[in-house]
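This report concerns only the one structure given below.
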Amino acid sequence: MLKRTEWRYFNELVVKSEVISFASAAPSFEVISKYFGVLRNENVELLEEIGPAIFNYADIKGDESLRRELASKGLVGENANKDMVLITNGGQEAIKLITETMLKKGDRVMIERLGYVGLEQTILSSGGEIRCFSDNLNKLKLSEIEQELRKSKPKLVYLIPDFSNPCGDNLREDVRKLMVKLATKLSFWVIEDQTYREIYFDKNEHLASMFSRSDKVIIVGSISKIIVPGLRIGWLVTKDDLLRQKITQLKESFTLSTNNLSQKLIARLLETEYEKMIRWVRNYYGKKMKKTLENLEKNIPERFSFSKPRGGFYIWIEGPEGFQAKKTLNLALGNGIGFMPGGVFYYNNKKANTFRLSISAIKEKDIKDGIDRLTKTLEGKKLLIKKNIGWKGKIKEFILNLHHRLQLMFVR
Ligand SMILES: Cc1ncc(COP(=O)(O)O)c(C=O)c1O
């Protein structure tokens, strides 16, 4: 089964079950609602100011004011300027444009063992072959990383160095340095996916990006997790003019341009409200992450270990040998809580005893209850759903439970 399909299946299962959800990768609806008023007001002003021209095609490279604002807010990499930026329909289009432009049939792309589910099909449908490091890079020695790169001879290496999806960790500084060095020496390109880079909690403790140290690194970025996903604004950044021209040409044949109104709206928001809003966003997610980690620390059974991210949305949990996250999800849904089984994030050698919690969608007030329900599920005791659902509700719940069980029988 394709990873994306499996991921979507579990996502829909959790949504349909109407439980407390630690599964979603979408930004919190509370954040979208917070931005809503500002975006609505900016939108009205823009329509009046610009008039009908706002509904014309945009510049293929992307709206100039947006590229300028992104550069001035440091969102497109240190030392980057607006001319290095191509605006895309979300980060996903940026990744696809890169693989489609750069890969010939059979070219290899190296990825970490655990990674973003949207990647696999993107690479394969561009004719690329996937090679996977034997583990996530933070767990490997530098000599092992170099050896695996020499053996696989990739054209591209894809990495999420900051608050990664799905583990929430940061790529070690020595690995960043090595990647930059080897990119030139072994002649490969690095895609540095910075989708979560701006969601740090305490202070700006960023490690320098690989982009700032090498011409062989292409940044992929997006407003999806820091502002809103529905306006579909993302970007790619490269210092290589020829490469950018080729990618731009390809974009023309794909989509002609990115939505003009969305671009102008985000440019305006970046200019007027961004600093204030992003501080709020960091604080909002930071509080939820802190509370979730505190509750996990207090309650989770001893044989489960978990990552302690300092940014982003995701906590990675590993259970004892023999623990089956997919099967446990069924029990968890019955107990009123959902998560994402870890198997969907592995390229190969899946570990069935892992799962991902996302703090993005959950409301702060539900965190304690959610972790209590998770704990009881992991301890193997069934929690009664608190709300009084009556006999009709009980029948509905019974049917839903039966349905989950039947469906799970067909999931590998
Ligand atoms: C690491 C990573 N990159 C890229 C994307 C694509 O996001 P979008 O196309 O909404 O910018 C996602 C979405 O979840 C992601 O997690």
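Figures for the structure shown
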quantity: Any hit, the range 198-205, residues being in the same structural domain as Leu103 (by TED's automatic domain parsing) and in contact with a Ser or Thr (Cβ under 9 Å, 6 or more places away or on another chain); calculated: no
quantity: Every residue from the range 255-281 that is in contact with a strand residue (DSSP E or B) (Cβ under 9 Å, 6 or more places away or on another chain) and modelled with pLDDT under 95; calculated: Thr255, Ser257
quantity: Which listed residue, of Ile145, Ile191, is of a type in the set (A, V, I, L, M), in a helix (DSSP H, G or I) and under 23 Å from Ile123 (Cα atoms); calculated: Ile145
quantity: Qualifying residues in the range 265-289 (those that are under 20 Å from the mean Cα position of the chain (by Cα) and exposed (fewer than 15 other Cβ atoms within 10 Å of the Cβ)) - the one nearest to Ile315 (Cα to Cα); calculated: Lys287
quantity: Test set (1) assigned by TED's automatic domain parsing to the domain that holds Pro341; (2) touching a Ser or Thr at 6+ places or on another chain (Cβ under 6 Å) - Val19 fails condition number; calculated: (2)
quantity: Positions within the range 325-372 being in a helix (DSSP H, G or I), out of contact with any helix residue (DSSP H, G or I) (no Cβ under 6 Å at 6 or more places or on another chain) and surrounded by 22 or more Cβ atoms within 10 Å (Cβ to Cβ), in sequence order; calculated: Leu329, Phe345, Gly370
quantity: Residue that is farthest from the chain's Cα centre (by Cα), among those in the range 77-126 that are β-branched (Val, Ile, Thr) and away from the ligand (no atom under 14 Å from the Cβ); calculated: Thr101
quantity: Whichever residue in the range 170-188 is in contact with a helix residue (DSSP H, G or I) (Cβ under 9 Å, 6 or more places away or on another chain) and assigned to a loop (DSSP other than H, G, I, E, B) and, among such residues, is farthest from the ligand (Cβ to nearest atom); calculated: Leu186
quantity: Some residue of the range 138-153 being within 16 Å of the ligand (Cβ to nearest atom), farther than 25 Å from Lys239 by Cα, surrounded by 18 or more Cβ atoms within 10 Å (Cβ to Cβ) and among the β-branched types (Val, Ile, Thr); calculated: no
quantity: Selected residue [surrounded by 18 or more Cβ atoms within 10 Å (Cβ to Cβ) and outside any helix (DSSP H, G or I)] from Lys96, Lys61; calculated: Lys61
quantity: Residue check for Arg8: more than 16 Å from the ligand (Cβ to nearest atom) and surrounded by fewer than 16 Cβ atoms within 10 Å (Cβ to Cβ); calculated: no
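For every residue, the table says whether it meets (1) within 15 Å of the ligand (Cβ to nearest atom); (2) out of contact with any Phe, Trp or Tyr (no Cβ under 6 Å at 6 or more places or on another chain); (3) assigned to a helix (DSSP H, G or I); (4) under 30 Å from Lys151 (Cα atoms).
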| site | (1), (2), (3), (4) |
| --- | --- |
| Ala208 | no, yes, no, yes |
| Ile226 | yes, yes, no, no |
| Ser253 | no, yes, yes, no |
| Met277 | no, yes, yes, no |
| Tyr285 | yes, yes, yes, no |
| Met289 | no, yes, yes, no |
| Thr292 | no, yes, yes, no |
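The values are calculated or read from the model by the stated rules, or taken from the named source; none is laboratory data. None of these values were measured; they are calculated from a predicted model. Heads up, the Cβs are rebuilt from the backbone with ideal geometry, glycines too, and the neighbour counts pull from every protein chain shown.
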